[in-house]
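Scroll down for the structure; my scribbles are underneath it.
The values are calculated or read from the model by the stated rules, or taken from the named source; none is laboratory data. If you're wondering where the values come from, they're calculated on a predicted model, not measured in any experiment. Ideal geometry is used to build each Cβ from the backbone, glycine not excepted, and the neighbour counts take in all protein chains shown. In case anyone asks, the SASA skips ligands and DNA or RNA and just uses the protein heavy atoms, side chains included. Shrake-Rupley method; radii C 1.70, N 1.55, O 1.52, S 1.80 Å.
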Amino acid sequence: MIILGLVRWMQPVHGYDVRRELLSWSADKWANVQPGSIYHALRKLTEEGLLRAVATEQVGARPARTTYEVTPKGEDEFETLLRNLWWNFSEPIDPFTAAFSFLPAMPRPEAAAALRNRANLLRAGIESMRASLGSDWVRNTKPVHVGWMFELWSARAEAEMTWCERIAERIESGVSYLPAELENAEGWSGWRDGDGQREARGE
C-alpha cells in the first residue's frame, strides 16, 4: 500500500525517487519496507496492472530509470487498502511476545534485568522522538501529521516502558508464575520458575 500510495502521490515518478522518499521516512523500521525490495515491488505492481511504466530513460552510464504512474485499477486498489487499514485494527507483530511467553524458562534475575534493559532502550527512543518533534527538521520540513505519528509512537513506547519496569519488580518479588490451582497440577511442571527447575536438576 505504501509504495502504491507514494507513486500515486509523486507521479510520474522514478523508482529511485520512491526509494529515496521511503528511506527518508525510515519505512524500513516501522513498515518493513526494505530498500532492496522496492524495485521488485514496482515491477510486480506493474505486472498486476496497478501501475504502468510511462517512460524509460538512461543518462550516460547510469542504469536505466523507469517512470511509473498509477492506473485506474491501482487507484481503486489504493483506496481499498487505505480504508481497510484506517477502519480495521490489527495487532502489530512483536517477536518479544513469543519470548515473553516462555518467561518461566528465564532465571528471575536475568528476566528482570532484560526487562529493565528493554525499558532503557524504549526510554532512549522516546527521548529521540521528543527531540525530533522539537526540531526544525520536523517542524519546518515535514507535514504536520508526521509529528502526530511521532506522538503515537512515543505514547506506545512510554506505556511499554512503564509495563517493563512494573513486571521486572513483580518478577524480583518472587511472585509465582502459576495460580495456586495449577501449582501442583499435572502438565504444568515446565511453566514453573526457571531457577527452581535448575535447582531440582542440581544445576
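Computed values, structure above
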| quantity | calculated |
| --- | --- |
| Failed condition for W163, given (1) open to solvent by less than 60 Å² (accessible area, probe 1.4 Å); (2) modelled with pLDDT of 95 or more; (3) over 17 Å from the mean Cα position of the chain (by Cα); (4) hydrophobic (A, V, I, L, M, F, W, C) | (1) |
| Single condition Y16 does not satisfy, out of (1) in contact with a helix residue (DSSP H, G or I) (Cβ under 7 Å, 6 or more places away or on another chain); (2) assigned to a helix (DSSP H, G or I); (3) open to solvent by 50 Å² or more (accessible area, probe 1.4 Å) | (1) |
| Helices (runs of 4 or more DSSP H) within segment 80-159 that include 3 or more residues open to solvent by 100 Å² or more (accessible area, probe 1.4 Å) and at pLDDT below 90 | 136-141 |
| Flag for E91 being touching a residue at least 24 places away in the same chain (Cβ under 8 Å) and out of contact with any strand residue (DSSP E or B) (no Cβ under 6 Å at 6 or more places or on another chain) | no |
| Candidates T71, T80, T66 - the one that is farther than 30 Å from E169 by Cα, touching a residue at least 40 places away in the same chain (Cβ under 8 Å) and among the hydroxyl-bearing types (S, T, Y) | T66 |
| Test: E69 is at pLDDT below 85 and either open to solvent by 70 Å² or more (accessible area, probe 1.4 Å) or not in a helix (DSSP H, G or I) (or both) | no |
| Check on G36, under 26 Å from the mean Cα position of the chain (by Cα) and exposed (fewer than 11 other Cβ atoms within 10 Å of the Cβ) | yes |
| Which listed residue is assigned to a loop (DSSP other than H, G, I, E, B) and modelled with pLDDT under 90, from G60, G49 | G60 |
| Within segment 1-46, considering residues that are β-branched (V, I, T) and under 26 Å from T141 (Cα atoms), the one modelled with the highest pLDDT | V7 |
| Of all residues in segment 19-30 being touching a residue at least 12 places away in the same chain (Cβ under 8 Å) and open to solvent by 30 Å² or more (accessible area, probe 1.4 Å), the one that is nearest to the chain's Cα centre (by Cα) | W30 |
